[in-house]
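Have a look at the structure below, then the notes.
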Amino acid sequence: MNPGSIEGRPDEGSARRSLWVYAIAIIAVTVTVVPMAGTRLAVHPNLINAFFVLMVAADLLTAHLLIQQFLAGGRLATLGLASAYLYSTLMMVPYAVTFTGIQRSGGDSYWAEVCGPWLFLLILGGFPILVAAQQHVVAALPARVVAFTRTRRRTTAAVAAAAMVALVAVVAAVVFGAAGRLPRIYQGATPTQANRWVVTAVLLAAAVSLLVVIRSVSRRPPVEQWVVVAISASCATGILFLAAPHRYTLGYYTARVTLLISSGVVLLALLAETAGLYRRLSAAHDDLDRAHRELRRRADHLAAANRDLEAAGAWKSDIIATLTHEINQPLAVISAYSEELTQEWATTSDDERRAAVGALGARVNQLLDMAAHLLALCRCEPGEIHTQPVALPVGQALARVTDNLTKQARARVSVDSVPPGAVVWADPVHTHEVLTNFITNAVKYSPGDIHVSAALDGTADQVLFAVTDEGNGVPPDFVERLFDRFTQADQTGARTGAGFGLYLSRLLAEANHGQVWYEDAVPHGSRFMLSLPAAPSRSPASPAPEVKPARADSG
């Protein structure tokens, strides 16, 4: 939305056409009425009273709307136009007082011959002159004053209103105070020669003001352009005044009705402009609100991406820190044995050489375990694990795990009988990886036998695998973090590994809609549990793909 639309300028061409239509219509009606303007009509005091009330209400409301426009936009020309309308409104007060005096004292009093006509002509000519002059006054103001008025708008509006009150007070005081010295506009009910001269001067002033305003109308916003209609009504009233100077004629009433209608047209146009401005501001607010919501959505997206990046950075830092620490120990052992064999080869026995080579092989296997699990972790971060579930017989899965163990490990592992026909719905490679990790951890970190079992849960919807050892168990304060990433615990002085295996087991189980957890075994030892969904009874058992032996640690 561009700034011009907020100021009410998109419909400028349409508004200008409308105001010219009204201005020309006023002049056309006036020219039509002129030949019969002198027709005498009945006296209607109540109609004149209604004219006063409606004119004051219309001009006062117009001035208020223009002041609000100034307070919103800070345009001094708008405040000048509001001041002209305020002048017209305030001048109606002494004019109404004068009209009351005319009704009370008659048509041959100074109220009717001097005060009333002069006040009406000062309203008729003063309003166009103020409108035409204010743009020149604004243009002549110093830049410092203009800057002050834009920053102190309420103060500026109050000063302008006070100036109009003072101007009206001075004008009324001059008219009332110098009534004996002012030329009489009427002598009884008859217009004087001064009447024609003064009315002609007022008409010329209004016409010149109209031309001045028309020259600058294209540079004014629509809320200010409608003043052309009001000045056209002033010119029309002057023409009717010249054509029918007597009171209570067709021209007399037509002139006042013309002023009233023009005030109503201008007021309605301002109300329409204000309503349009409100609609545009409301639409702009809705656009801003949508933009704000979109920015918030994008900010949330960026925040989530930033959190992911921070997590990835933390994961990378954890890997580097963990590997730096864990690699040092096997590398130190490899370095020590290599140096010993190199420097003392001739003095070492065959048994000592075989022991050193075996230690080197164990440390190399340890490094290979770390590398294998690290590679698996890079592929198995949450949300990135691709599963290929099949109906996997439980007995077949356990047999493959034990078959891939070393001879020494198989001697310590016993598998209990499994439920007949028990089948899980899971990826066979992932299942093999988790069970192998549990069993090899038990072989590494417990001295006794390892028992492997499988059973259906109470609902027969899950198959529960259990790997139980006879070791020292896991410290109670570490159980909650046992399956977290890169967590480690000490068990009787031996570290549990680099923190990869159990975290990887948890990821693989969750990717297959399963769970892993730890339980204390009675009377002592550890029990690692794996829960996987049972395959639907209608699913035929599928042959499991061949899996390779996997090394693991408990992390």
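The values are calculated or read from the model by the stated rules, or taken from the named source; none is laboratory data. A quick note: this is a predicted structure, and the numbers were derived from the prediction, not measured. FYI the Cβ positions are ideal-geometry reconstructions off the backbone, even for glycines, and counts take in every protein chain you see. Only protein heavy atoms, including side chains, enter the accessible area calculation; ligands, DNA and RNA are left aside. Shrake-Rupley method; radii C 1.70, N 1.55, O 1.52, S 1.80 Å.
The smallest convex shape that holds all Cα atoms of region 79-157, its convex hull, gives 87 Å³ per residue. Got a number for carbon plus sulfur as a percent of region 242-301's accessible area, 1.4 Å probe? That share works out to 64 percent.
According to the square roots a ≥ b ≥ c of the eigenvalues of the Cα gyration tensor, what is the shape class of region 125-220, taking rounded for a/c under 1.5, prolate for a/b larger than b/c otherwise, and oblate for the remainder? Show your work: numbers first, answer last.
Details: a/c = 3.97, a/b = 1.70, b/c = 2.34.
Note, shape of region 125-220 comes out oblate.
For region 144-185, build the convex hull from the C-alpha positions and give me its volume per residue in Å³. Mind showing how you got there, number by number?
On the way: hull volume 3.7 nm³, N = 42.
Taking the convex hull of the Cα positions in region 144-185, it is 88 Å³ per residue.
Scanning the chain for trypsin sites (Lys or Arg not before Pro) in DSSP loops with at most 13 neighbouring Cβ atoms within 10 Å leaves 182-537 as the longest stretch between them. A simple spin-label model places pseudo-atoms 7 Å from Cα toward Cβ; at LYS407 and GLU480 they are separated by 4.7 nm.
Taking a cut-off of 17 Å, what percent of all Cα-Cα pairs in region 24-144 are separated by more than that?
Numbers: 4969 of 7260 pairs.
The share of Cα pairs beyond 17 Å in region 24-144 comes to 68 percent.
The distance separating the Cα centre of region 391-447 from that of region 281-298 comes to 59 Å.
Working out 0.36 nm times the residue gap between ALA399 and ARG17, then minus their Cα-Cα distance, what length gain in nm do you get to one decimal? Spell out each step's value before the answer.
Numbers: separation 382, 0.36 × 382 = 137.52 nm, distance 9.40 nm.
Difference between extended and current length: 128.1 nm.
Counting only heavy atoms of the protein chains and using a 1.4 Å probe, SER417 has close to 100 Å² of accessible surface. Lys/Arg Cβ at +1, Asp/Glu Cβ at -1, dipole of the chain taken about the Cα centre: which of CYS115, ILE320, ALA50 is farthest positive-ward? Of the options given, the answer is CYS115.
Under the convention that each Lys and Arg Cβ holds +1 and each Asp and Glu Cβ holds -1, the size of the dipole of the chain around its Cα centre is about 5160 debye. Using a probe of 1.4 angstrom and keeping all protein chains present, the accessible surface of the chain works out to 51 square angstrom per residue.
Computed from the mean reciprocal separation of all distinct C-alpha pairs, what Kirkwood hydrodynamic radius does region 186-255 have, in Å? Intermediate values should be presented prior to the final figure.
On the way: mean 1/r = 0.0756 Å⁻¹.
After inverting the mean inverse Cα-Cα distance, the result is 13.2 Å.
Heavy atoms only, 1.4 Å probe, whole protein assembly: order PHE241, PHE176 by accessible area, highest first. Mind showing how you got there, number by number?
Working: PHE241 25, PHE176 75 Å².
Of PHE241, PHE176, the descending order of accessible area is PHE176, PHE241.
Post the alpha-carbon centroid distance, region 62-129 to region 183-217, in whole angstrom. Going from one Cα centre to the other spans 16 Å. Per-residue ellipticity at 222 nm, computed for the chain from helices alone with -39500 (n - 2.57) per DSSP H run of at least four residues, works out to -22500 deg cm²/dmol. Helices assigned as whole DSSP H runs in the chain whose Cα atoms extend at least 18 Å along their own long axis and whose mean Kyte-Doolittle hydropathy is -1.0 or higher are found at 12-33, 45-73, 76-105, 116-140, 153-177, 193-216, 227-243, 250-344, 350-379, 428-445.
Rounding to the nearest 20 debye, state how big the charge dipole of region 142-226 is about its Cα centre with +1 on each Lys and Arg Cβ and -1 on each Asp and Glu Cβ. Write out the running numbers ahead of the final one.
Values: 11 positive and 1 negative charges, 79 e Å.
The calculated dipole for region 142-226 is roughly 380 debye.
Loop sites here are GluC sites (Glu not before Pro) outside DSSP states H, G, I, E and B with no more than 11 other Cβ atoms within 10 Å. The longest part of the chain free of them is 1-383.
All other residues with a Cβ under 14 Å from the Cβ of PRO45 taken together, and with Lys, Arg as +1 and Asp, Glu as -1, what is their net charge? Intermediate values should be presented prior to the final figure.
Values: positive: ARG104, ARG247, ARG256; negative: none.
Result for the local shell: +3.
Accessible-area rank, largest first, for TYR87, TYR22: TYR22, TYR87, with all protein chains present and a 1.4 angstrom probe.
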